[in-house]
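Beneath this line is the structure, given in structure tokens, with notes to follow.
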Amino acid sequence: MKYNFDESINRLQTNSVKWDEVENLFGDKEILPMWVADMDFKSPQPVIDALKERADHGIYGYTTRPDSYYEATVGWMQRRHNWTIEKDWIIFTPGVVPALGIIVQNFTNPGDKIIIQQPVYYPFMSVIEKNGREIVNNPLRLENGRYYMDFEDLEKKIDPSVKMIILSNPHNPVGRVWAKDELTRLGEICLKHNILVVSDEIHFDLVYEGNVHTPFASISEEFAGHSITCTAPSKTFNLAGLQTSNMIIPNQDLRERFTKALEDRFIGMTNTFGVTALIAAYEKGEEWLDQLLVYLKGNLDFLNEYIKSNIPEVKVIEPDATYLVWLDCRELGMDAKKLEEVIQKQGKVAFDEGYIFGKEGEGFTRINIACPRALLEEGLKRFSQVLKK
Ligand SMILES: Cc1ncc(COP(=O)(O)O)c(C=O)c1O
């Protein structure tokens, strides 16, 4: 089936955080939302069909996860990521961020240090700080328009109270797919210092042609035994509202500790629609995903061209993956608050402002390009016109 990603779908009055919260969040309902990471596209038809059939049944009682839930997940990791996992390693959680909170609570103690690599997905900071742990920032290095990990800085900052690293792989917001040798070097440092690697791989399916995602845990048995991998069909298939994610934990001891932490919090019951959607997506969603990736690449090319022609002072950080594009606006010479004000209040378009990803994000902004091209063009037009003013 041929999907039409150009179709414009009105999301207003669907309780959409992205669209229906605009006035609440930004104080002006005319603002075009291009911030939070969901897509303005319909999910794959087999997912819609499966959900309709399930909805038509009319009874939405307590729901279990059948064998096919686990088999579909194992099959996906094998086919799309060449990663052989076992059914037992898969632990359901109702979202990745809730899982990160429990991981932090359960595998570190108050006062312990946790490494992150800023600029990075801002809830990483919140789960650490709200749980009374300390952030150790190992900032990424920007060199000639591309971000790299800084291993020297990392080793300098490690001390015995560093217990965990939360890795964004592929990285939100800078769009890097970490190469196998980078992950290997990182993993070896972490293993040497007994630092648990929590690899958030939620964007792992959204990789542009020419790049290959490497699951951290797939690199070696040692890495597998020393890590928790966060996965979900939510970013890939636009299912974030169904709150269905899976932690992959090969190490039995870590798995049992995590499972106990979930049980102690009475977390584990499944969303009826989440189960149905995951199975349909992982079993029948590949055709849609392959077309989506082509469309997103088209959007990325469009954005590159548009910015080059209209606002060449803004530099696009070319992503290897994700539909989130990190724009370097430092040449515009505005401080972080001014940039936000100009884009949002005057330009009437909402991006995710760079500074919320950490100090290193000041002067940058993050645009979500997972929308019909016409809408992307409208967003870019607002952005460029206000800057030209
Ligand atoms: C790196 C990363 N992790 C987690 C999430 C959210 O996960 P969830 O909705 O499952 O809590 C996002 C959403 O943007 C993300 O970018």
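Brief remarks follow.
- Projected area averaged over orientations for the chain, convex hull of C-alpha atoms, nm²: 18.8 nm²
- Per residue, the stretch 344-389 exposes 37 Å² of accessible surface when a 1.4 Å probe is rolled over the protein heavy atoms with every protein chain present.
- Calculated on the Cα set of the stretch 236-389, radius of gyration then Dmax: 20.0, 59 Å.
- Accessible surface of the stretch 1-131 [probe 1.4 Å, protein heavy atoms]: carbon and sulfur percent: 49 percent
- The chain, helix-only ellipticity at 222 nm - DSSP H runs n ≥ 4, -39,500 (n - 2.57), divided by all residues, nearest 500: -12000 deg cm²/dmol
- Annotation for the stretch 1-64: trypsin sites (Lys or Arg not before Pro) lying in DSSP loop with at most 12 further Cβ atoms inside 10 Å of their Cβ are LYS2, LYS29.
- The figure for ILE311 is an accessible area of roughly 0 square angstrom, using a 1.4 Å probe on the protein chains alone.
- Loop-located GluC sites (Glu not before Pro) in the stretch 295-389 (DSSP state other than H, G, I, E, B) with a sparse environment of at most 15 neighbouring Cβ atoms within 10 Å: GLU313.
- Surface/4 estimate of mean projected area, convex hull on alpha-carbon atoms of the stretch 162-238, nm²: 5.2 nm²
- Rel. contact order, % - alpha carbon contacts under 8 angstrom, at least six apart, the chain: 24 percent
- Highest-MSF residue in the chain out of PRO110, PRO139, PRO94 [GNM, Cα springs under 10 Å]: PRO110
- Against the compact-protein benchmark of 2.2 N^0.38 Å, the Cα-based radius of gyration of the stretch 280-341 scales to 1.50.
- Cα-based reach from LYS180 at 19 Å (exclusive), listing lysines while leaving out same-chain residues under 8 positions away: LYS192
- Highest-MSF residue in the chain out of GLU287, GLU21, GLU143 [GNM, Cα springs under 10 Å]: GLU143
- Under 30 Å between alpha carbons - lysine pairs in the stretch 83-160 that sit 8 or more apart or on different chains: 5
- Cβ-placed point charges (K, R +1; D, E -1), dipole of the stretch 135-232 about Cα centre in debye, nearest 20: 180 debye
- Placing +1 on the Cβ of every Lys and Arg and -1 on the Cβ of every Asp and Glu, with no other charges, gives the stretch 1-157 a dipole of roughly 260 debye about its Cα centre.
- For the stretch 60-284, radius of gyration divided by Kirkwood radius, i.e. Rg to Rh on alpha-carbons: 0.95
- Result for the chain in a Gaussian network model with C-alpha springs under 10 Å: among SER161, SER309, SER199, the largest mean-square fluctuation is at SER309.
- Relative contact order %, the stretch 154-219, counting alpha carbon pairs below 8 Å whose residues are six or more apart: 42 percent
- Residue ranking by accessible heavy-atom surface, 1.4 Å probe, largest first, among HIS226, HIS193 comes out as HIS193, HIS226.
- Take each peptide in 71-80, 117-126, 170-179, count the other Cβ atoms within 10 Å of every residue, and average; sorted highest first, the result is 170-179, 117-126, 71-80.
- The chymotrypsin sites (Phe, Trp or Tyr not before Pro) of the stretch 263-321 meeting both criteria, a DSSP state outside H, G, I, E and B (loop) and at most 14 other C-beta atoms within 10 angstrom of the site's C-beta, are PHE266.
- Positive minus negative residues near SER220 (Lys, Arg vs Asp, Glu; Cβ under 15 Å): -2
The values are calculated or read from the model by the stated rules, or taken from the named source; none is laboratory data. This structure is a prediction, so every number in the text was calculated from the model and none was measured. Reconstructed Cβ throughout: ideal geometry from the backbone, glycine too, with neighbour counts over all protein chains shown. Ligands, DNA and RNA are stripped out before the accessible areas are found, and what is left, the full protein with its side chains, is counted by its heavy atoms. Shrake-Rupley method; radii C 1.70, N 1.55, O 1.52, S 1.80 Å.
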